[in-house]
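Notes to accompany the following structure.
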C-alpha cells in the first residue's frame, strides 16, 4: 500500500529520536571539550624523543644515527650529528643530536620512525590539541620541545613502555655480561700465560 | 520513464556544442560541489534538464603517489596507501602487502591471515554503511540515513583505533604479516560489533528498502548493462549489480578466502536500486565471513620473523597483487630491480575505472538523477587522482 514504506521509516526515525533519551547507544555525541572520550592505549599522533633520568639533554636516548631521517616517508625529520661523544644516561660515550627537528605540519603520523629506531629513542605521543597561529615556526619542533621523559611514556603507553624497558634491561644485562667476560678474559689469559711461563721456566730448569 | 540507449563512448571528445546543438546548455558541476565526494568535476551538456553528454574531469587532487613510491623504500609506501582510499585504508594496505609478498615470495603466518580478513571485512562494512548513507543524503533524505551510517562506521573505527592507533590512516599491514598483536579484549569487542551490526541493517531495511520515494528515485535509474560493464572494466558492487558474478575473493582467492562460506550477491538490472541492494546484501555476507573468522582464528606469530622491516630488497622481478576492496578490484603492480625502492609502481584503482562509464549511466536522465547515479559508483578522489 502506498505510504506504508514511508510510515515504517518514520517509525524508525522516531524510535531513534526518543530512544536517544533512554539508550546511550543511540546517542553517540560527546560534548567536547567538557567531556572527553578515553584514548586508546595504542593511540598515536606525533613523535617525541624519550629521555631517561631528570635532565632531558644528557638523558636523550637518541644517538643521531639518522635512520629515522632516512626512512621517514614525508621527510619531515632533520638531524645534525655531534662531532664529539658524550656519556649517555648509562654512562657510555655516544654521539648525540645537536639538531633534531620535526616539522609537525608535514608529519603524517605513520610511526615508521618508531619502528625503525634501534635505540627505542623515538615514540609516538597522544597529544592532539596542538593548534597554533604560527603555522611554520610554531610547528617546527626542536629537540627540547620533542624531549619527554620515560615516566611520561609510561603514562601514555603503559604496556608498550614496560615491554621496552624490559627489552632495554635485557640488552644492558647482555652487554654487561659481555663486557665482564671481555674484562675477565685478558686477566685469565694473562694469568694463563704467566703460569705457562713459570711452567716453561721450571721445565727449563 | 526514459530509458537510455548507450551507443558510443564520447568521453574523450570535446563537449563544445556544434552547429546542430543549439539550445543545449553546458554546465560545470564541481570541482567543489557538495555532491562530488571530493574535488571532482563533471562537464555536463544539458537539454533542458536532461543530460546529453557528460565528461568527468579529474586531476584536481593529483599528488604523485606512484612517483613518490618509486623514490621511497618499500616500507615507506605503506602509509601512503592509507591515503589512497581513506575509507578503506586496511584493504589498501593488504593489496600493497600482497603485491610485495608475491614479489619477494614471503609466506604469511596463519594468524596474520585471519587478522587481515577480519580487518578487511570490517572495512567493507563501514565503507558500505557510509556509502549508503551518502547515497540517501544525495537523494534528499536529509540527515538520518547518513547519521545512522556514520554511527556504525564510528563503532568500527573505534576498533581500528584500539588496534592500530589511528582511526583512518591505519598503516597496519606489513610484508609478511601485521604490525602489532591484537590488544587484549579486542576480539571480544569485534564479536560484540558483529553481533550488533545486523540490528543496524534491519533498521536500514525498515527505513529505506520499501520506502516509496526511494523506489521511485532508484528503480530503472542509471542502468548499466552487463555487456557494457564488462567492456568498461568496471568491478566491485557496480559490476555485480549489473548481474556479473565476479568477485576477486572467489575468482583469485587471495589470503585464506577459500576457507570461508559466503555468497556473492548479484543484481539483475544494473540500476541504482540494484547497486544499493548489492551493498546491503554484501554487508550481511561480510558478517558471515567475520563470524567464521572469529570462530577459527588460531594463536601464533603475526609476522614472518625472517622478513626485514628496514633495508628490504626483493630480487629483481615483477608482481601484481589484487584484492576485492569495498569499491572493486584494487591492484598494485610492482617491478623490482633489486634495489630498496620499486623500479615501477602502479596502482589499479577501482574508483577511477568505474568512473569511466559515468556518461553511459547518466545519459538521458535528469541532473537530480545524475547526482544519485554518481553517488552509487562510490568513488574516493584520493584513489582516482593518486
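Bear in mind that the values in this text are calculations on the coordinates, not laboratory data. Because the structure is predicted, anything quoted here is derived from the model rather than measured. Cβ sites come from the backbone with ideal geometry, for glycine too, and all protein chains shown count toward neighbours.
Please give the helix B:110-139 orientation as an angle from the longest Cα principal axis of chain B, in degrees from 0 to 90, rounded to the nearest 10. Computed tilt is about 20 degrees. Helix B:186-204 and the long axis of chain B differ in direction by around 20°, with both axes built from C-alpha atoms.
Shielding by partners for B:173-182, please: the mean number of other protein chain Cβ atoms within 10 Å of each residue's Cβ. Show your work: numbers first, answer last.
Numbers: counts 0, 1, 0, 0, 0, 0, 2, 3, 0, 0.
Averaged over the peptide's residues, the number is 1.
Taking only the Cα atoms of region A:46-166, the ratio Rg/Rh comes out at 0.94, with Rh defined as the Kirkwood radius.
Residues considered: B:299, B:95, B:72. Largest GNM mean-square fluctuation over chain B, using C-alpha springs under 10 Å, is found at B:299.
Is the shape of region B:260-371 best called rounded, prolate or oblate, per the rule: a/c under 1.5 gives rounded, else a/b larger than b/c gives prolate, else oblate, with a ≥ b ≥ c the square roots of the Cα gyration tensor eigenvalues? Because a/c hits 1.5 or more and a/b fails to exceed b/c, region B:260-371 counts as oblate.
Spacing of the modelled spin labels on residue A:21 and residue A:174, each 7 Å from Cα toward Cβ, amounts to 6.4 nm. Within chain B, the ratio Rg/Rh, alpha carbon atoms throughout and Rh by Kirkwood, equals 0.98. Computed packing ranks the peptides A:33-45, B:173-185 as B:173-185, A:33-45, most packed first, by mean other Cβ atoms within 10 Å. Taking the DSSP beta bridges with both ends in region B:312-386, the antiparallel portion is around 100 percent. Can you bin chain A into rounded, prolate or oblate? Criterion: square roots of the alpha carbon gyration tensor eigenvalues sorted a ≥ b ≥ c, rounded for a/c under 1.5, prolate for a/b above b/c, oblate for the rest. Prolate, because a/c is 1.5 or more and a/b exceeds b/c. Cα centroid separation, region B:306-364 to region A:63-78: 27 Å.
Averaged over the residues of A:72-81, the number of partner chain Cβ atoms lying within 10 Å of the residue Cβ comes to 2. Were the residues from residue A:163 through residue A:55 laid out at 0.36 nm apart, the gain over their Cα-Cα distance would be 36.6 nm.
Using the Cβ-Cβ distance between residue B:64 and residue A:41 with R0 set to 35 Å, the FRET efficiency works out to roughly 0.50.
Legend: mean number of C-beta atoms from other chains within 10 angstrom of residue C-beta atoms, peptide B:209-219, equals 3. Modelled this way, with points 7 Å down the Cα-to-C-beta line, the labels at residue A:83 and residue B:213 are 7.6 nm from one another. Relative to the longest principal axis of the Cα atoms of chain A, helix A:4-19 runs at roughly 60 degrees.
Tell me, what is the percent relative contact order of chain B, built from C-alpha pairs under 8 Å that lie six or more residues apart?
Over chain B, the number comes to 27 percent.
Using a cutoff of 8 angstrom between alpha carbon atoms and counting only pairs six or more residues apart, the relative contact order for region A:46-166 works out to 34 percent.
To the nearest Å, what is the center-to-center distance of region A:120-183 and region B:221-273, using C-alpha atoms only? Cα centroid of region A:120-183 versus Cα centroid of region B:221-273: 48 Å apart.
Hey, what does the equivalent ellipsoid look like for region B:30-73, semi-axes from the Cα gyration tensor as sqrt of 5 times each eigenvalue, largest first, whole Å? Let's see the in-between values first.
Numbers: eigenvalues 210, 24, 6 Å².
They are 32, 11, 6 Å, listed from largest to smallest.
The orientation-averaged projection of the convex hull spanning the C-alpha atoms of region B:236-313 amounts to 7.4 square nanometres.
The residue B:346 and residue B:32 beta-carbon pair, evaluated with R₀ = 41 Å, returns a calculated FRET efficiency of approximately 0.90. If you take the Cα centroid of region B:105-127 and the Cα centroid of region B:274-293, the two points sit 16 Å apart.
With viscosity 1.306 mPa s and temperature 10 °C, the Kirkwood radius over alpha carbon pairs of the protein assembly as shown converts through Stokes-Einstein to a diffusion coefficient of 59 µm²/s. Here region B:161-271 is described by how far its Cα atoms reach on the three principal axes: 48, 35, 28 Å, from widest to narrowest.
Packing around the peptides B:273-284, A:138-149, taken as the average count of other Cβ atoms within 10 Å per residue, puts them in this order, highest first: B:273-284, A:138-149. Each label point was placed 7 Å from the Cα along the Cα-to-Cβ direction; for residue A:127 and residue A:29 their separation is 3.1 nm. Please identify, among A:95, A:128, A:48, the residue showing maximal mean-square fluctuation in a Gaussian network model of chain A using a 10 angstrom Cα cutoff. Looking only at A:95, A:128, A:48, the largest GNM fluctuation is found for A:128. What residue among B:157, B:146, B:24 has the largest mean-square fluctuation in a Gaussian network model of chain B, using Cα springs under 10 Å? Of B:157, B:146, B:24, the most mobile in the Gaussian network model is B:24.
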